[in-house]
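Trainee: I have a structure here, written as structure tokens, and I will follow up with some questions on it.
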Amino acid sequence: MEENNTVANYLQNLFPQFEAGLKEQLMQNGVLKTFDEGEILMQTGQNMRSTMLITEGMVKLYREGDEGQEFFMYYLNPGHACALSLICATKQEKSQIMAKAVEKSTVLTIPIGLMDSLMKNHKTWYYFVLETYRTRFEELLQVIDNIAFKAMDERLEFYLDKQYRELKNRELVITHSQIANDLNSSREVISRLLKKMEQKGLVKLFRNHIEYLKS
């Protein structure tokens, strides 16, 4: 009963567009799961048994290379769903991405067996899925544009700006190595470019964080 009340509160506050019947379905069939900072929610190649709605915290999505490289794709915040997990769950395919908790996070998992029913019987779910696809597609286009058409210094500035806007905090607790990993670069290159940004007054570098100064 307590978990049902918690789920009901999440749905009311984060997904107010969902119709009453849909909320009832999700309350009856959804399961809340909590993940600690750094914990993996979804592995590449994992069989998809559910999709997930983010209710607390922040989740980071990566695409993994054949040699284990991790390429940052986008963040998921409360009120978001993982578009790729929606696709894989609907088709009962294996995951093509890795999802990791940036901070302690809670998600509402929804069994894949419900996907067809939710799409057919609840318009608000249907439109939510379409909007999720559209939003993530636009974000992926930005990522592709950065890789294809921008130099690393521009990509770094875009990356830090995105971190600031997602986290809503100018104090970015992230290492040079993490940035290099996300941008598929080297720590030395990132450190050099960050130093240049500091000289221009765009950032201020500290031992354990970066202060983002650009307005």
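Trainee: Looking at segment 195-215, which of its residues are open to solvent by less than 30 Å² (accessible area, probe 1.4 Å), under 26 Å from the mean Cα position of the chain (by Cα) and within 17 Å of ASN146 (Cβ to Cβ)?
Mentor: None; the set is empty.
Trainee: Of the numbered conditions (1) of a type in the set (D, E, K, R); (2) modelled with pLDDT under 80; (3) closer than 13 Å to LEU108 by Cα, LYS91 fails exactly one; give the number of that condition.
Mentor: Of everything listed in (1) of a type in the set (D, E, K, R); (2) modelled with pLDDT under 80; (3) closer than 13 Å to LEU108 by Cα, LYS91 misses just condition (3).
Each row is one residue, and each column tells you yes or no for (1) surrounded by fewer than 20 Cβ atoms within 10 Å (Cβ to Cβ); (2) under 30 Å from LEU160 (Cα atoms).
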{"position": "ILE54", "(1), (2)": "no, yes"}
{"position": "LYS104", "(1), (2)": "yes, yes"}
{"position": "VAL107", "(1), (2)": "no, yes"}
{"position": "TRP125", "(1), (2)": "no, no"}
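Trainee: Just one of the numbered conditions (1) in contact (Cβ under 8 Å) with a residue 40 or more places away in the chain; (2) open to solvent by 30 Å² or more (accessible area, probe 1.4 Å); (3) not in a helix (DSSP H, G or I) is not true of PRO16; which one?
Mentor: Failed condition: (1).
Trainee: Against the condition modelled with pLDDT under 90 and open to solvent by 80 Å² or more (accessible area, probe 1.4 Å), how does ASN5 come out, does it pass?
Mentor: Values: modelled with pLDDT under 90: yes; open to solvent by 80 Å² or more (accessible area, probe 1.4 Å): yes.
Yes; evaluated as a whole, the condition is true for this residue.
Trainee: Right, something else. I'd like to verify a number: residues in segment 117-169 that are over 30 Å from GLY21 (Cα atoms) and of a type in the set (Phe, Trp, Tyr), how many?
Mentor: Counting residues in segment 117-169 that are over 30 Å from GLY21 (Cα atoms) and of a type in the set (Phe, Trp, Tyr) gives 4.
Trainee: Please find, among LYS196, LYS214, the residue that is basic (Lys, Arg), farther than 24 Å from GLU37 by Cα and at pLDDT 90 or above. Working first, answer last.
Mentor: Values: LYS214 fails: at pLDDT 90 or above.
Testing whether each residue is basic (Lys, Arg), farther than 24 Å from GLU37 by Cα and at pLDDT 90 or above leaves just LYS196.
Trainee: Given the condition in a helix (DSSP H, G or I) and either touching an Asp or Glu at 6+ places or on another chain (Cβ under 8 Å) or at positive phi (or both), answer yes or no: does some residue in segment 86-100 qualify? Steps first, answer last, please.
Mentor: Within segment 86-100, the first condition is being in a helix (DSSP H, G or I), and the residues that meet it are 86-91.
Next, from what is left, pick out any that are either touching an Asp or Glu at 6+ places or on another chain (Cβ under 8 Å) or at positive phi (or both): 87, 90.
Yes, some residue in segment 86-100 is in a helix (DSSP H, G or I) and either touching an Asp or Glu at 6+ places or on another chain (Cβ under 8 Å) or at positive phi (or both).
Trainee: Sticking with this one: Please indicate, with yes or no, whether at least one residue in segment 181-193 is open to solvent by less than 40 Å² (accessible area, probe 1.4 Å), under 26 Å from LEU76 (Cβ atoms), in a helix (DSSP H, G or I) and not polar (S, T, N, Q).
Mentor: yes
Trainee: For GLY65, which of the numbered conditions (1) open to solvent by 10 Å² or more (accessible area, probe 1.4 Å); (2) in contact (Cβ under 8 Å) with a residue 40 or more places away in the chain fails to hold?
Mentor: The number of the failed condition is (2).
Trainee: Let me ask something else. Under 7 Å by Cβ, and 6 or more places apart or on different chains, what pairs join a residue from segment 36-56 that is more than 16 Å from GLY113 (Cβ to Cβ) and part of a loop (DSSP other than H, G, I, E, B) with one that is open to solvent by less than 10 Å² (accessible area, probe 1.4 Å) and not aliphatic (A, V, I, L, M)?
Mentor: GLN43/SER95; THR44/SER95; GLY45/SER95; GLN46/SER95
Trainee: Using the structure shown, decide if LEU141 is open to solvent by 70 Å² or more (accessible area, probe 1.4 Å), at pLDDT below 90, part of a helix (DSSP H, G or I) and among the aliphatic types (A, V, I, L, M).
Mentor: Working: open to solvent by 70 Å² or more (accessible area, probe 1.4 Å): yes; at pLDDT below 90: yes; part of a helix (DSSP H, G or I): yes; among the aliphatic types (A, V, I, L, M): yes.
Yes.
The values are calculated or read from the model by the stated rules, or taken from the named source; none is laboratory data. The structure presented is a predicted model; accordingly, all values stated were derived computationally and were not measured. Note that we place each Cβ from the backbone using ideal geometry, even for glycine, and neighbour counts take in every protein chain shown. These area figures cover heavy atoms from the full protein model, side chains too; ligands, DNA and RNA do not enter into them. Shrake-Rupley method; radii C 1.70, N 1.55, O 1.52, S 1.80 Å.
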